[in-house]
Amino acid sequence: MLTALFGGTFDPIHYGHLLPAVAIAHEVKRMQISLLPNHIPPHKPQPEATTSQRLAMLQLAVEEIPMLSIDAREISSVRLTHPSYTIDTLQAWRHENGNHVGLAFIMGQDSLLSLPTWHNWQSLLDYAHLLVCRRPGYAEKTDNPELQAWIANHQTLNSQDLHLAPHGYIYFAHTPLEDISATEIRQRIAQQTNCDDLLPPKVWQYIQAEKLYGVKD
Ligand code: ATP
């Protein structure tokens, strides 16, 4: 069984996260996905929802999707004093689980394009495979030569290769195109526009109950 971590701010979680996650689990098979909410360091723009509200929304979202769970390590109380880079999280996971079990890290195409700004990005494959979900509005190819070469060196077109090695492959999944972003959801809610088709009903109800993102009575 391959474990996949899907990192994000999830402010809030929406169908642009959930539908590709479910699709990629079906595509790769024998894969359990954990949503990995990020801790945002104090010097970065903060999420509008609190950490516990983001976590509560994730819990409501995964309740009815058995192939999804939550890995809260980056927002656990110990971690809050030491914001972690993805590479640190993958290293910690390997430390706990050893070097022989399969691990993948899932990201959208927008995150792939910004990967060269991530700390120690080229070492990610020393710990995990990289699974990339399609995302409308973002270039399908990078114009960064270093990223291009790295992808070319590690890409596989066969999802089943991901089960043959514990880490090291890049795979572009054939996930559905969902033109949804948390930024757009927050903006629409602030303008009192309905978003109930963009996220699970229980998450939408929670946003209403907690009056998140500018919900008014
Ligand atoms: P924001 O609009 O606040 O930046 P977001 O909607 O992009 O948020 P994040 O929580 O930042 O969501 O994203 C977490 C991960 O999910 C990232 O790897 C991102 O690329 C991916 N992702 C987010 N939305 C989509 C989408 N609609 N399709 C595919 N991948 C997505």
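No lab work stands behind these numbers, since they all come straight from the coordinates. Keep in mind the model is a prediction, meaning the values are calculated, not measured.
Over the residues of the chain, the helix contribution to mean residue ellipticity at 222 nm works out to -10000 deg cm²/dmol, using -39500 (n - 2.57) for each DSSP H run of at least 4. Please compute, over every Cα-Cα pair in region 27-121, the percentage with a separation greater than 16 angstrom. The share of Cα pairs beyond 16 Å in region 27-121 comes to 65 percent.
Close amide-amide hydrogen proximity is noted between Leu2 and Met31, Gln32, each under 5 Å apart and 5 or more residues distant or on a separate chain (H modeled in the peptide plane; Pro and chain starts excluded). In a solvent-free Debye calculation with one equal scatterer on each Cα, what is log10 I(q)/I(0) for the chain at q = 0.08, 0.18 Å⁻¹, listed in the order of the q values? Rounded to two decimals, the profile gives -0.28, -1.43. Using 0.36 nm per residue and subtracting the Cα-Cα separation, the extra length available between Asp217 and Met1 on full extension is 73.1 nm.
Near Asp71, the amide H atoms lying under 5 Å from its own belong to Leu35, Leu36; only residues 5 or more places off or on other chains count, and H is placed 1.01 Å from N.
With respect to the chain, whose longest principal axis is taken over its alpha-carbon atoms, helix 51-62 is tilted by about 80°. Between amide H atoms placed 1.01 Å from N, distances below 5 Å from Phe105 occur with Leu5, His129, Leu130, Leu131, all of them 5 or more places distant or on a separate chain.
With axes computed from alpha carbons, what is the tilt in degrees of helix 86-97 against the longest principal axis of the chain, rounded to the nearest 10 within 0 to 90? Compared with the principal axis, the helix lies near 70 degrees.
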